[in-house]
Structure formats: C-alpha cells, structure tokens
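Heads up: the structure comes next, in structure tokens.
Values quoted throughout were computed directly from the atomic coordinates according to the rules given, and no laboratory measurement underlies them. Quick caveat: nothing in here was measured; it's all calculated off a predicted structure. For neighbour counting, all protein chains shown are included, and Cβ atoms are generated from backbone atoms with ideal geometry for every residue, glycine included.
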Amino acid sequence: MKKIERVCAITHILTEHPNRDYSLGTFAEAFGCARSSISEDIKLIRRSIEEGGLGYLETTAGVKGGVRYVPYITDAEAAKVLGGLKAAFEEPERVLGSGFLYTSDILFSPELAKGAARIFARHFASAEAEMVVTVETKGIGVALFTAELLDLPLAVLRRESRVSEGSTVSINYFSGSADRIQQMSLSKRAMKPGTRCIIIDDIMRGGGSIKGIEDMLAEFDASAVGIGVVVVAGGTGGKKIGNYLPLLLMSEDADKKLRMDINPELMAKGQRA
C-alpha cells in the first residue's frame with residue numbers, strides 16, 4: 001500500500017472510532033510496514049485534522065505508544081450548528097394546536113442531532129464519564145451520537161419495563177410536562193455500580209425527568225458527572241436540577257410567539273481541555 005493510501009486508511013479508522021486507542025504496532029502489522037513509517041503517517045494526519053478544525057490526535061509515548069482521535073468542534077462550527085437548531089425550532093408551523101411543539105424531525109435528523117452531540121462531547125470530554133444515559137424516546141439520537149463521539153456505551157431508560165430487559169429496577173417520578181406521576185425502568189444488567197454517567201435529554205421544562213434519571217442512578221450507586229439538554233423551556237431558574245448545559249433557551253415574546261435563544265454561556269465553555 002502506498003503512503004497516501006495508508007494515510008487515508010488510518011485517518012478513516014481513527015475518525016470512525018473517536019476516542020479509541022490504537023497502538024502504532026496495530027497499524028504497522030495491518031499495513032505491513034515499520035512503526036517509524038506509521039509514526040510519520042500520524043504526523044501528517046495530525047496536521048491535517050488540526051488545520052481542518054476537525055479535532056486533534058492524542059499520542060502516548062513508550063513501547064506501547066499509541067494514538068487516538070479526539071473530535072472537537074470549533075466555536076465557529078458550534079455557532080453554525082446552534083444557528084441551524086434555532087432556525088429549525090422557530091419554524092411557525094412547528095407549534096401544534098394543543099400548544100405542543102413538534103420536534104421529532106429535528107431530534108431524529110442525523111445532521112442536527114450529531115451537531116448537538118458534537119457540542120456536548122466537547123463540553124463533557126474531560127468529565128471522565130463511563131456511560132451516557134437518556135430516557136426514551138426523542139433524546140436517543142443525540143445521546144447515541146454523544147456516546148459514539150466519547151466512545152462510551154449508552155443506557156436508555158424505558159417508560160415501562162419490558163420482558164426482553166430481564167430483571168429491572170423501576171422508580172416513580174413526577175413529570176412536569178405531563179403533570180402526573182410516571183414510571184421509568186432500567187435493566188439490572190445495563191449498569192455497573194459506581195458508574196459515572198452523562199445524562200442527555202431533549203427538552204426540559206421543570207426538570208422532573210432528569211431528576212428521575214438521577215434517582216435511578218442512585219439505585220445503581222451511580223452518579224451524574226454531566227447533564228446536557230438540547231432545549232430548556234421557561235428560563236434556567238426554578239428547575240428540580242442544577243448544573244446542566246442547555247443549548248437553546250425557549251420562551252415566549254410579548255406577542256406570545258415562540259422564541260429560541262442560544263445559551264449565551266455556551267461558547268465560553270467550549271475551550272479544549
């Protein structure tokens with residue numbers, strides 16, 4: 001394999017598996033070349049990725065020296081993502097007759113969901129999390145992309161237990177959006193005791209669902225080391241939880257029209273760890 005072909009192949013492997021360690025010996029064996037040649041390839045890939053604003057490569061020295069690709073979204077790219085999310089949520093026809101907001105096409109759009117996930121992954125990169133957690137259903141897309149970018153498993157809490165989940169833990173919580181007591185459950189096999197988790201949710205009003213997730217984590221002796229929410233309604237105060245990262249803030253203007261604002265603190269929190 002020619003050098004340029006090898007560089008393209010290694011770049012593809014690294015970027016398709018972000019935050020995953022690969023030893024130089026693995027690439028040397030796979031492509032039938034010396035470790036010194038792979039080391040030169042990595043230098044080219046690092047320069048290309050960093051100059052393109054796509055992230056950066058982390059390397060470890062020593063006999064078992066390796067490399068991992070860490071995705072990173074620049075402030076300019078993050079602003080573009082947030083602008084696209086804001087425009088999509090503000091479409092007038094999105095407000096249903098019952099006063100609810102139709103969001104399925106946004107949250108299940110791979111482009112928009114992955115854009116939001118890139119911002120969350122950047123923010124929580126140094127949290128030393130071991131798992132991403134969400135509750136079904138609309139937050140699953142963003143949560144799954146976040147888990148992929150951080151190379152973490154995803155656990156999805158269900159609204160009701162399923163036979164296919166085996167033995168489960170179930171709790172009751174108060175949902176402010178539904179204005180009633182609801183239930184969520186998680187398989188006992190889904191999480192190990194002491195797991196450090198990042199919680200990802202789609203839309204938060206009072207914070208009842210996320211508080212329920214935190215209560216569920218406590219049942220597993222696990223903890224939340226980060227909370228990311230795509231849209232927060234009704235301002236950031238008066239919620240049942242604290243210390244969370246919203247992307248958009250939803251409110252009504254003087255004419256009772258839907259208004260979306262980008263979290264003004266967001267860009268300041270995006271510095272590379």
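Order of 256-266, 119-129 by packing, highest average Cβ count within 10 Å first?
119-129, 256-266
Under a 10 Å cutoff between Cα atoms, tell me which one of ALA117, ALA190, ALA34 has the largest fluctuation in the Gaussian network model of the chain.
Looking only at ALA117, ALA190, ALA34, the biggest GNM fluctuation is shown by ALA34.
When you count, for each residue, the other Cβ atoms within 10 Å and take the mean per peptide, how do 10-16, 182-188 rank with the highest first?
Top to bottom by mean Cβ count within 10 Å: 182-188, 10-16.
What number comes out for the charge environment of MET184, summing +1 per Lys or Arg and -1 per Asp or Glu over other residues with Cβ under 13 Å away?
Local net charge: -3.
When a/c is below 1.5 the answer is rounded, else prolate if a/b is larger than b/c, else oblate, so apply that to segment 46-204 with a ≥ b ≥ c taken from the square roots of the Cα gyration tensor eigenvalues.
oblate
Taking square-rooted eigenvalues a ≥ b ≥ c of the alpha carbon gyration tensor, is segment 4-58 rounded, prolate or oblate, where a/c under 1.5 means rounded and, failing that, a/b exceeding b/c means prolate?
Taking the square roots of the gyration eigenvalues as a ≥ b ≥ c, segment 4-58 is prolate.
I need to check one value: relative contact order of the chain, counting alpha carbon pairs closer than 8 Å and at least 6 residues apart, in percent.
Relative contact order, the chain: 14 percent.
Quote to one decimal, in nm, the extra length available between LYS192 and GLU90 on full extension: 0.36 nm per residue of separation minus the C-alpha distance between them.
32.7 nm
Taking 30 Å as R0, compute the FRET efficiency from the Cβ-Cβ separation of GLN183 and SER223 and round it to 0.05.
Efficiency computed from Cβ-Cβ geometry: 0.85.
Could you compute the FRET efficiency for SER39 and GLU77, with r as their C-beta to C-beta distance and R0 at 30 Å, rounded to 0.05?
Step by step, r from the Cβ atoms, then E = 0.55.
For the cross-link pairs LYS3/LYS192; LYS86/LYS188; LYS80/LYS239; LYS43/LYS138; LYS114/LYS211, which exceed 32 Å when the distance is taken from alpha carbon to alpha carbon?
Pairs exceeding 32 Å: LYS3/LYS192; LYS86/LYS188; LYS43/LYS138.
Place a +1 charge on the Cβ of each Lys and Arg in segment 1-141 and a -1 charge on the Cβ of each Asp and Glu, then give the dipole magnitude about the Cα centre in debye, rounded to the nearest 20.
460 debye
Of the beta bridges DSSP finds with both residues in the chain, what % are antiparallel, to the nearest 5?
Around 55 percent antiparallel, to the nearest 5.
Going toward the positive end of the dipole of the chain, with +1 on Lys and Arg Cβ and -1 on Asp and Glu Cβ, which of ALA79, LEU186, VAL142 do you reach last?
Farthest along the dipole direction, towards plus: LEU186.
Counting Lys and Arg as +1 and Asp and Glu as -1, each charge on the Cβ, what is the dipole of the chain about the Cα centre in debye, to the nearest 20?
Charge dipole, the chain, about its Cα centre: 420 debye, nearest 20.
Once you place label points 7 Å from the Cα toward the Cβ at ALA30 and LYS3, how far apart are they in nm?
Once both label points are built, they end up 2.0 nm from each other.
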